[in-house]
Amino acid sequence: MDNDDDFDSSVKEILRQEIGPTGIDILENFLKEAEKCLSLEELSDFEDFCYENIIDLGLGIEKAENVADRVKKIRLLKELKELKRERKSELLIRKKYEILRELGDISLNLNQLREAENFFDRAYRLTERTENYEMMLETLESQAELYLMMDREEEVEKRAKEMIKKASEIGDDVSEAKGIRLAGISSWRKQDFTEGLNYLDRALKIFEENDLFEEMAKVKRDLGDLHVDKGDLDKAIEFYQEAVEDFEECGRHYEKINLLMEIGMILSEEEAEERVIDLFEKAKEDCEKHSFDDLKSWCFYNLGELILEYGGLKRAGDLLKKSIDLFENQNDLLGLAGANMAYARLKKERNEFDDAEDYYKKALDLFQIVELPDSKVAAMYELSEVQVKQGKLKNAKQNLDEALGLADSMDMREMKRKIENKLNEL
């Protein structure tokens, strides 16, 4: 981006890609005149303006954060470029470090992992020049979190141990605990559950001594994940519930709601109907209270699917239809595919076979787009059942034949057996 026109055009293109014409309307409302260029100061204000408008449109917090981060990344890259023209100084190095760290965090949020790695590496090289331990510890933590996402456990362990060592040298208990937590996750990921538990317990104790509720919640969530991996679901739920309370204490409602739904999904496998419904109802209320429309769509979907399973067709239908509308508004194709599939099942239960066929076909198209062939097989199998009820035996057989080929290619033995039995019946 060599000039302001390129800078301005890049922002417009992001808005066009993410939101369509409405994104340009948001920009024009901010500037009052479309031709006006965005200065760095204006762009900084626009990030917040854009975020708030996307939330108001009901597109969800993830979409709002994604767009704001992409716009912010453009601003920071321009700031970084302009810093090169300034004379070298300690203040300049600090400013450059902060921008590189922030660019790394944003790239991480946007799942641009290689870019994030590059920004964090450049930031760490600056900390080595200044020998600033505080900056080193911050960057090591960011690098370790990145390598967790990249499934590079050896790199996570290396950064975690470096954090523990440097934090211990300067007496920074909290940073040491953060390093211990990351070492614990690394050990557990390598299936050393005993060492992982020891590390995480040590980290939790330090965070509890410092009343750091958000860090406590993260570790308890990690412990819950570890116990899920071990297959000890009762213990996992205990830690998840404690994490929910800590996230509530520190105001991290988005994380709290995600965990409530996670607990609900685990309990739903145990047929704990009333308790699961209560959890999803609580999650739904919190979503509405905090305007988390993206999470609300999943709450409606999960709750509707659960109630459908227990025969509550009227309530399930209302919830699933609302989830479809929300997923469509948010352009969440994965959620929309699942919701259409569930709504098709509801229509089948009501013997509304024409509607059921339409919704199964919508789900099929979406499963194809989001590349979930196993879900596609299930949808084709259920669609064939509806088509048999409609008397469309030729269509049913075509769907079963295609589903059988897919199931065979993916070694879905149980599903393959069911499809073969259905074909024999025809």
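The values are calculated or read from the model by the stated rules, or taken from the named source; none is laboratory data. Computed from a predicted structure; not experimentally measured. Heads up, the Cβs are rebuilt from the backbone with ideal geometry, glycines too, and the neighbour counts pull from every protein chain shown. Note: areas computed on protein heavy atoms with side chains; ligands, DNA, RNA excluded. Shrake-Rupley method; radii C 1.70, N 1.55, O 1.52, S 1.80 Å.
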For this session: Would you check if there is a residue in region 102-117 being over 21 Å from the mean Cα position of the chain (by Cα) and of a type outside the set (Val, Ile, Thr)?
Result: no
Seminar exercise, completed: Contact list, first residue from region 262-286 and within 19 Å of Lys296 (Cβ to Cβ) and open to solvent by 70 Å² or more (accessible area, probe 1.4 Å), second anywhere and assigned to a helix (DSSP H, G or I) and modelled with pLDDT of 80 or more, beta-carbon distance below 7 Å, six or more apart or interchain, is Glu262/Tyr240; Lys282/Leu260
For this session: Quick one: in region 376-400, of everything that is open to solvent by 70 Å² or more (accessible area, probe 1.4 Å) and part of a helix (DSSP H, G or I), which residue is nearest to Asp354 (Cα to Cα)?
Result: Lys389
Exercise. Residues Arg75, Arg70: which one is over 20 Å from the mean Cα position of the chain (by Cα), of a type in the set (Lys, Arg) and assigned to a helix (DSSP H, G or I)?
Worked result: Arg75
Problem set entry | Filter pass, Tyr133 being within 22 Å of Glu79 (Cα to Cα) and open to solvent by 10 Å² or more (accessible area, probe 1.4 Å) | no
For this session: Filter region 86-126 down to the residues that are at pLDDT 90 or above and among the β-branched types (Val, Ile, Thr), then identify the one that is farthest from Lys63 (Cα to Cα).
Result: Ile99
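Of Leu267, Leu197, Leu260, which residue is modelled with pLDDT of 95 or more and assigned to a helix (DSSP H, G or I)?
Testing whether each residue is modelled with pLDDT of 95 or more and assigned to a helix (DSSP H, G or I) leaves just Leu197.
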Exercise. Filtering region 168-194 down to residues that are acidic (Asp, Glu) and part of a helix (DSSP H, G or I), which residue is modelled with the lowest pLDDT?
Worked result: Glu169
Exercise. What are the residue pairs meeting all of these: first residue in region 13-33, first residue of a type outside the set (Phe, Trp, Tyr), second residue open to solvent by 80 Å² or more (accessible area, probe 1.4 Å) and at pLDDT 85 or above, Cβ atoms under 7 Å, and 6 or more apart or on different chains?
Worked result: Gly23/Arg16; Ile24/Arg16
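Give the residue, chosen from Asp278, Asp232, Asp293, that is charged (D, E, K, R), at pLDDT below 95 and under 30 Å from Asn210 (Cα atoms).
Asp232
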Problem set entry | When residues of region 410-426 are limited to those that are assigned to a helix (DSSP H, G or I) and without any contact (Cβ under 8 Å) to a residue 12 or more places away in the chain, the one least open to solvent (accessible area, probe 1.4 Å) | Asn421
Exercise. Do the conditions hold for Lys220, that is, is it assigned to a helix (DSSP H, G or I), buried (at least 21 other Cβ atoms within 10 Å of the Cβ) and modelled with pLDDT of 95 or more?
Worked result: yes
Exercise. Hey, any hits in region 318-334 for a residue that's under 17 Å from the mean Cα position of the chain (by Cα), modelled with pLDDT of 90 or more and closer than 30 Å to Gly231 by Cβ?
Worked result: yes
Exercise. Name the residues in region 163-184 that are over 12 Å from Lys205 (Cα atoms) and aliphatic (A, V, I, L, M), would you?
Worked result: Met163, Ile164, Ala167, Ile170, Leu182, Ala183
